[in-house]
Structures are given as structure tokens and as C-alpha cells.
Amino acid sequence: MIRKKSILISGAGGEVGSELIKTLANRENINIITLDTHPITSQISNKISDQITGNILDKNLLDQINLEYEIKEIYHLAAILSTRAELSPDIAHDVNVNGTINFLELALKQSRSQAKRIKFFFPSSIAVYGVNNNKVCTENEYLNPITIYGANKLYIEKLGLYYSEHYNQLSNNKDLIDFRSLRFPGLISSKTIPSGGTSDFIPEMWHHIKNHKHYDCFVDENSRLPFLAMPDAINAIIDLMNSGHSDIKSRIYNVKSFNPSASEFYNLISQIFPESKISYTINHVRQKIVNSWPNDIDDQLAQEEWNWSAKYNLNETVNNYLLV
Ligand code: SER
């Protein structure tokens, strides 16, 4: 049987997945296969060759995918986000860790059968950090997450390095994968309102103010996190995955653009929607999580190793992306 050459995307129906598919479908002349627990919406289903509805924890399903496809690259986006993960840490661990290990194993089998390292993209997060004051974090400091989500992401980063550099090191078998990861800050999309995340207050604020002219914010007005506009997040994934092997020395990178506080973001967008109003009803657990994340990160490593730079600053994000 000839296996179909493909790119595999898990969590494809999520807000990053759907935008990534649109961009990849325009650029790459290769089959895109998706795996998601829900059917993919009609706007992107026509860009996909095979849509598989199923769970990343289903090893039989992954074995079947392994037999049927020659997978050239994997984008493993399926995850339970930070706030939702705190509601059921055991399920979060299962999906975010065990599900990802299933995918790392799939990548390894594909690397073996193709005799080349399969590129594996993993979205990590600023949730890997744990800081209690206003630190600007570089990649190797303050790795003390207070959430199960952050702990899961940090562990998978370590496994990704292991599968890329040292897997099964006592044996002669030297099959490895090519793991590449971005520690995403909050993301803001013009298309979707995220759910289950802790950085959701900025994108929720935009969509609620635009559509309903009121937003009840779940963290205080001084809450400040780093952010990226969705097109920059997608470009970052594509640039990272297209960079040459010799450029990718560190494998795990911070990326960011702007970092307004909740009130600074509100002040900016209320100039566009002058009749808007904001209120603050603080959720203390979500506030504690936000306070544990850095209010800025340093992305110099990505600039140095693969020439990363964000195109959209805060004003451009609002005026040339969200409003367009
Ligand atoms: N934006 C994500 C969240 O808030 C963090 O990676 O859960």
C-alpha cells in the first residue's frame, strides 16, 4: 500500500488550528489531515484532504493513521487550556501529557519508517513560568508553573528535547524526531473568542466591546500579559517550521509583541467604540494565575536563531487587523 504524503494537525478546529490550516493550504501543495474530537467547520473543511474525528488518546486510531499516511510534519495543537485544566487536572494531564506522548511516539514511528527526522510543532505557553513580580522572562528562568497546564507544557518541552536529542540513548537505535516549540503569550484573533484560557480577558474584551459595548472583566485593571496577534502567531509557527536544521539550536522559544494592561487595552479600544463600558468582577483564582505569569517575555533567542519578528504592534493589531 502506498501511504499518502501528508501533514497532520491535531486540535485542528481550535482557534490556532483553523487559521493555520488556511495559511498552510495556500502555501503547501500537500495533503492536510486533521484530527479533532469535533467535526471541522465548513469554512476550512474544503482545505483538508482527510478529516478524522477522534481522540488523541485513542492509540488504535493513531496506529491506523501511522499505517495509512506518510506524515511529513506534525502540528500537535490539541490541548486543554489553563483555566479549564484547573477544573479537572486529571483530564488535563491525560490530554496534555499522555495525548502528546502518543503523538511523539507517532512522530518517532514515522521518522523510523521514512529514515528522517519528522518535524513536530508543539505550542507551549507562558504558563510554564511562575513569577511573583514583574519579571521579563528569558527561556531558562523562573520555570515554576503554578497550574497543571503550565506543568504539563513544561514537561512536554522536556520530552520534546529528549525525543530530539537523547531518545533511547543506551541502544544503537538512533531514531529521533525534530521537535520545535513556541511559548505563546496570549493570542488575539479577529475571528474567534477563545474559551478556557486565562489570557482570554484581552480577546474577550475586544469581541464583547465590539459586539455588545460592554465587558465584565474577570481580572483587575492592572493585569498585564504579553500578547501576539493571530497572524503573527501563525507566521511564527510557519517560520519556525521552515527554518533550517542548523538554525534551530534551542528548539523552544518565546515569541511576543505587545503587553497592554487590561485598562490600557480598554482605553485604546473605547476610542473606537466611544459608547462602550467596562466593569471588573474579579475571579480570584484566574487573577492569581495571571499574576503568576510574566507580564513580559524576552524573545531575543527567536530573533537570533531564526530571525523572528512580530509584524503587528498593539496599534496595528487593533487598526490593521482586528478592525479590518
Ligand atoms: N493562552 C493560554 C491560556 O490562557 C495560555 O497558553 O490558557
Exception for Ala151 within (1) within 20 Å of the chain's Cα centre (by Cα); (2) small (Gly, Ala, Ser); (3) farther than 21 Å from Asn295 by Cβ falls at (3)
Quiz item: Has the range 202-210 got any residue that is away from the ligand (no atom under 15 Å from the Cβ), over 30 Å from Asn319 (Cα atoms) and basic (Lys, Arg)?
Solution: no
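Each row is one residue, and each column tells you yes or no for (1) surrounded by fewer than 19 Cβ atoms within 10 Å (Cβ to Cβ); (2) under 20 Å from Pro145 (Cα atoms); (3) more than 12 Å from the ligand (Cβ to nearest atom).
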{"site": "Gly160", "(1), (2), (3)": "no, yes, yes"}
{"site": "Tyr167", "(1), (2), (3)": "yes, no, yes"}
{"site": "Gly196", "(1), (2), (3)": "yes, yes, no"}
{"site": "Leu225", "(1), (2), (3)": "no, yes, no"}
{"site": "Asp239", "(1), (2), (3)": "yes, no, yes"}
Among (1) touching a strand residue (DSSP E or B) at 6+ places or on another chain (Cβ under 7 Å); (2) loosely packed, with under 14 Cβ neighbours inside 10 Å, Tyr75 falls short only on (2)
Flagged in the range 177-192 as touching an Asp or Glu at 6+ places or on another chain (Cβ under 8 Å) and farther than 14 Å from Phe227 by Cβ, in numbering order, are Ser181, Lys191, Thr192
Out of (1) touching a Leu at 6+ places or on another chain (Cβ under 8 Å); (2) crowded, with 20+ Cβ neighbours inside 10 Å, the one Arg3 does not meet is (2)
Within the range 136-180, the residues that are within 19 Å of Lys256 (Cα to Cα) and among the acidic types (Asp, Glu) are Glu139, Glu141, Glu157
Is at least one residue of the range 99-117 touching a helix residue (DSSP H, G or I) at 6+ places or on another chain (Cβ under 9 Å), within 16 Å of the ligand (Cβ to nearest atom) and free of Cβ contacts under 8 Å to residues at least 60 places away in the same chain? yes
If we take the range 162-269, then strands (runs of 3 or more DSSP E) inside it with 3 or more residues that are touching a Gly at 6+ places or on another chain (Cβ under 7 Å) and free of Cβ contacts under 8 Å to residues at least 40 places away in the same chain are none
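Taking into account only those residues within the range 237-271 that are hydroxyl-bearing (Ser, Thr, Tyr) and closer than 24 Å to Val128 by Cβ, which is nearest to the chain's Cα centre (by Cα)? Spell out the reasoning first.
From the range 237-271, those hydroxyl-bearing (Ser, Thr, Tyr) are 243, 246, 250, 253, 257, 261, 263, 266, 270; that's our starting set.
Add one more test, that the residue is closer than 24 Å to Val128 by Cβ, and what stays is 243, 250, 253, 257, 261.
Values: Ser243: 18, Ser250: 18, Tyr253: 12, Ser257: 15, Ser261: 22 Å.
Residue satisfying both the conditions and the ranking: Tyr253.
Quick note: the coordinates plus some simple rules give every number you see, no bench work behind them. Quick caveat, the model's predicted, so the values are computed rather than measured. Here Cβ is always computed from backbone atoms with ideal geometry, including for glycine, and neighbour counts include all displayed protein chains.
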